[in-house]
Amino acid sequence: MACLLETPIRMSVLSEVTASSRHYVDRLFDPDPQKVLQGVIDMKNAVIGNNKQKANLIVLGAVPRLLYLLQQETSSTELKTECAVVLGSLAMGTENNVKSLLDCHIIPALLQGLLSPDLKFIEACLRCLRTIFTSPVTPEELLYTDATVIPHLMALLGRSRYTQEYICQIFSHCCKGPDHQTILFNHGAVQNIAHLLTSLSYKVRMQALKCFSVLAFENPQVSMTLVNVLVDGELLPQIFVKMLQRDKPIEMQLTSAKCLTYMCRAGAIRTDDSCIVLKLDHDLKHAHELRQAAFKLYASLGANDEDIRKKIIETENMMDRIVTGLSESSVKVRLAAVRCLHSLSRSVQQLRTSFQDHAVWKPLMKVLQNAPDEILVVASSMLCNLLLEFSPSKEPILESGAVELLCGLTQSENPALRVNGIWALMNMAFQAEQKIKADILRSLSTEQLFRLLSDSDLNVLMKTLGLLRNLLSTRPHIDKIMSTHGKQIMQAVTLILEGEHNIEVKEQTLCILANIADGTTAKELIMTNDDILQKIKYYMGHSHVKLQLAAMFCISNLIWNEEEGEIGSQERQDKLRDMGIVDILHKLSQSPDSNLCDKAKTALQQYLA
């Protein structure tokens, strides 16, 4: 039925679009050139900041008409300029808008417009090209298709500060590898852009600086050239150093630091060069503070919002920068980087994708080998997330010796590290193979397990009980583990049930007993332990429903006759009947709690089976 409504709804939307926006497009076809110009100007005012209107006009076919007017020799320069401005505004909408513009072959039309002698029209075309080329949906190769484009753009650099800003921004976004670097370098990019670093316009200086950072990246040829370039009597490296000063905007400091770093890596500047060492030593602490602040900010932003986490991770090179932060010399930067990754690791989607793509677990494991407690606490907490069942990092982490590392953490004097160590082991044991469970028990040792079960920290105790529950799951595993550690585990369970513990602790302990009762041979360890049976009976009559339900699970598993003719089920049922369990089940079948009532009735049916 819902499908029948789909077509009328779409027609309604389209009619609304037509009514509100059609007249803007119709005016573009008026025979009076002055009315066409006014129509374009009105359209420009209508689309500013209005993404819905932009989308409507694209749907109604405004783009092909605007491009036609822009390319017509009979169109006035003013009309061409206004068309370019409107197209630029449409490009500032959504990525789908940009795709629509690309489909209409906007780039060749705008590049053709750059041949005009009119500066205002050239600037409007460049502004629109800048917006389109900086969109992630635009292929960079479109800039290099026509071999005459790059030299012409170089020639336009001297026309105005706007042409300088827009062209440099286009170059920095479209230079994505050695082939692009070579093309720009061979057409004189270094010489044509260098003098822009002393421009009076901050935007021009900044875009020129970004150009040099992408040109020099992993490119010895460019780096070697840059080191000898003079601008107003000063060598380029000295200008970069000046841009590192603390009174300069952070963006400028970081980008100039990139340029110097790339030049050092290429061997163009010696790492002990006095102009570099003195300045970087002076600002090293400041740079660390900047990185620390940035990582802290991202950690805070991504803490509770999945969309923000996605945007942070999708930011170009962001994951690489954060991962690199894990090996920083500054403890504070390393801590902030780990906190940032920990915040991002709260995302199920990112654990499955970005964290695996960047193999985040590798540097994290290195951090865990030798770090101060403050870093270990956050890093081990993050490891808990990477060991969740759906995380593709879980297997390689296991293969890298994580079990012994985590068992070591459980012996720490720091309660937070003990919690994280046992928590990570608990996640590791969830639905794990028998071998992994055996490795955990062997590395942890029963002595340490029981020390943790008597830990004064409640969180440690709860997570240790969680680990036991996960270890004692799947019947063959339950029987195997109880055959080798049954006596000690039953002693621990007894002590906890007899101790002064809260409801949650005792509920977890009874759930462990329920798991043991689900074993084929393991359940006999309960049936032959009258003390444990009396405790289960006691909790069936407890005032707290949670404990009654947990005790009910134990009884249900003990009396359950899953396979016809199972040996021992009748004997178990008889023994429990003699203890008065059936009478309690009858009482509980009248319980006001529907869940408890249902469980009791189901258990009673086993006696009739």
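The values are calculated or read from the model by the stated rules, or taken from the named source; none is laboratory data. As the structure is a prediction and not an experimental result, all values here were calculated from the model. Note that we place each Cβ from the backbone using ideal geometry, even for glycine, and neighbour counts take in every protein chain shown. Calculation scope for accessible area: heavy atoms of the full protein, side chains included, ligands and nucleic acids excluded. Shrake-Rupley method; radii C 1.70, N 1.55, O 1.52, S 1.80 Å.
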If you average the sequence gap of Cα pairs under 8 Å that are 6 or more apart and divide by the length of region 407-503, what percent do you get for the contact order?
27 percent
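What is the Cα radius of gyration of region 277-383 over 2.2 N^0.38 Å, N being its residue count?
Details: Rg = 13.6 Å, N = 107, 2.2 N^0.38 = 13.0 Å.
Here the answer is 1.05, to two decimals.
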Just reorder 422, 48 by solvent-accessible area, largest first, 1.4 Å probe, all chains present.
48, 422
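Ratio of Rg to Rh for region 522-598, alpha carbon only, Kirkwood? Each step should come with its number before you reach the end.
Numbers: Rg = 12.4 Å, Rh = 12.9 Å.
Ratio of gyration radius to Kirkwood radius for region 522-598: 0.96.
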Sticking with the crude label model, points 7 Å out along Cα→Cβ, report the distance from residue 76 to residue 503 in nm, one decimal please.
8.1 nm
How tilted is helix 594-608 with respect to the longest principal axis of the chain? Cα atoms for both, answer in degrees (0 to 90, nearest 10).
50 degrees
From the backbone phi of region 106-121, what are the Karplus-calculated ³J(HN,Hα) couplings (6.51 cos²θ - 1.76 cosθ + 1.60, θ = phi - 60°) in whole Hz, Gly and Pro given as x?
5, 5, x, 5, 5, 5, 5, x, 5, 7, 5, x, 7, 5, 4, 5
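For region 170-255, what is the convex hull (Cα atoms) projected area averaged across all directions, in square nanometres?
Numbers: hull surface 21.4 nm².
Mean projected area of the Cα convex hull: 5.3 nm².
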What is the packing order of peptides 513-525, 355-367, taking the mean over residues of other C-beta atoms within 10 Å and listing the highest first?
513-525, 355-367
Towards the positive end of the charge dipole of the chain, with charges on Cβ (+1 Lys, Arg; -1 Asp, Glu), say which of 49, 421, 481 has the farthest Cα.
49
Using θ = phi - 60° and the Karplus relation 6.51 cos²θ - 1.76 cosθ + 1.60, list the HN-Hα couplings for region 412-420 in order, rounded to whole Hz, with x at every Gly or Pro.
5, 6, 7, x, 5, 6, 5, 4, 5
Rg(Cα)/(2.2 N^0.38 Å) for region 378-480, N = residue count
0.97
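Calculate, for region 332-427, the solvent-accessible area per residue in square angstrom, rolling a 1.4 angstrom probe over the heavy atoms of the protein chains.
Values: 3800 Å² over 96 residues.
About 40 Å² of surface per residue is accessible.
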Quickly estimate the mean residue ellipticity at 222 nm for the chain, helices only: each DSSP H run with n ≥ 4 gives -39500 (n - 2.57), and the total goes over all residues, rounded to 500.
-22000 deg cm²/dmol
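Using the Cα gyration tensor of region 29-82, with a ≥ b ≥ c the square roots of its eigenvalues, what is the shape: rounded (a/c below 1.5), prolate (a/b larger than b/c) or oblate (neither)? Walk me through the numbers on the way to the answer.
Details: a/c = 2.05, a/b = 1.68, b/c = 1.22.
Judged from the Cα gyration tensor, region 29-82 comes out prolate (a/c at least 1.5, a/b above b/c).
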How large is ³J(HN,Hα) for each residue in region 223-234, as worked out from phi by the Karplus curve 6.51 cos²θ - 1.76 cosθ + 1.60 (θ = phi - 60°), to whole Hz, x for Gly and Pro?
4, 5, 6, 4, 5, 10, 6, 9, 10, 6, x, 10
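If one computes P(r) from the Cα atoms of region 437-485, what percent of pairs lie at distances over 19 Å? Mind showing how you got there, number by number?
Details: 266 of 1176 pairs.
When all Cα pairs of region 437-485 are counted, 23 percent exceed 19 Å.
Provide the packing ranking of 62-69, 424-431, i.e. peptides ordered by the mean count of other C-beta atoms within 10 Å per residue, highest first.
Highest to lowest by the protection proxy: 424-431, 62-69.
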Quick one: angle between helix 434-444 and the longest Cα principal axis of the chain, in degrees between 0 and 90, rounded to 10, please.
80 degrees
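I'm checking a number: the convex hull volume of the Cα atoms of region 23-178, normalised per residue, in Å³. What is it? Don't skip to the end; give the middle numbers.
Values: hull volume 16.3 nm³, N = 156.
Per residue, the Cα convex hull of region 23-178 comes to 104 Å³.
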Report the Cα-based extents of region 165-206 along its three principal axes, largest first, to the nearest Å.
32, 19, 11
Run the accessible area of the chain with a 1.4 Å probe and give the carbon-and-sulfur part as a rounded percent.
53 percent
Taking the Cα centre of the chain as origin and charging only Cβ (+1 Lys, Arg; -1 Asp, Glu), how large is the dipole, in debye to the nearest 20?
1120 debye
Just grab the label-to-label distance for residue 251 and residue 538, each label 7 Å out from Cα along the Cβ direction, in nm (one decimal).
6.9 nm
At 37 °C and 0.692 mPa s, grab the translational diffusion coefficient of the chain from Stokes-Einstein with a Kirkwood Rh over Cα pairs, rounded to a whole number in µm² per second.
108 µm²/s
Of the listed pairs 487/523; 52/311; 480/546; 546/599; 362/463; 506/601, which have alpha-carbon separations greater than 18 Å here?
52/311; 480/546; 362/463; 506/601
Report the accessible area of residue 506, computed with a 1.4 Å probe over the heavy atoms of all protein chains in place, in Å² rounded to the nearest 10.
30 Å²
Cα radius of gyration and Dmax for region 454-581 (Å)
14.1, 47
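Could you give the size of the charge dipole of region 136-250 about its Cα centre, using +1 on the Cβ of each K and R and -1 on the Cβ of each D and E, expressed in debye and rounded to the nearest 20?
Working: 9 positive and 9 negative charges, 93 e Å.
Result for region 136-250 is approximately 440 debye, rounded to the nearest 20.
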Using a basic spin-label model with each label point 7 Å from the Cα along Cα→Cβ, how many nm lie between residue 290 and residue 349?
3.1 nm
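With contacts defined as alpha carbon pairs under 8 Å and 6 or more residues apart, what's the relative contact order of the chain in percent?
It comes to 5 percent, rounded to a whole number.
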Taking the 0 to 90 degree range and rounding to the nearest ten, how far is the long axis of helix 530-540 tilted relative to the main principal axis of the chain, both from C-alpha atoms?
60 degrees
With every protein chain kept in place and a 1.4 Å probe, the residues 457, 247, 146 fall, from largest accessible area down, as 247, 146, 457
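At 1.4 Å probe radius, can you tell me the per residue accessible area of region 24-66 in Å²?
Working: 2090 Å² over 43 residues.
Per residue, region 24-66 has 49 Å² of solvent-accessible surface.
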Can you give the accessible area of residue 211, probe radius 1.4 Å, in Å² rounded to 10?
0 Å²
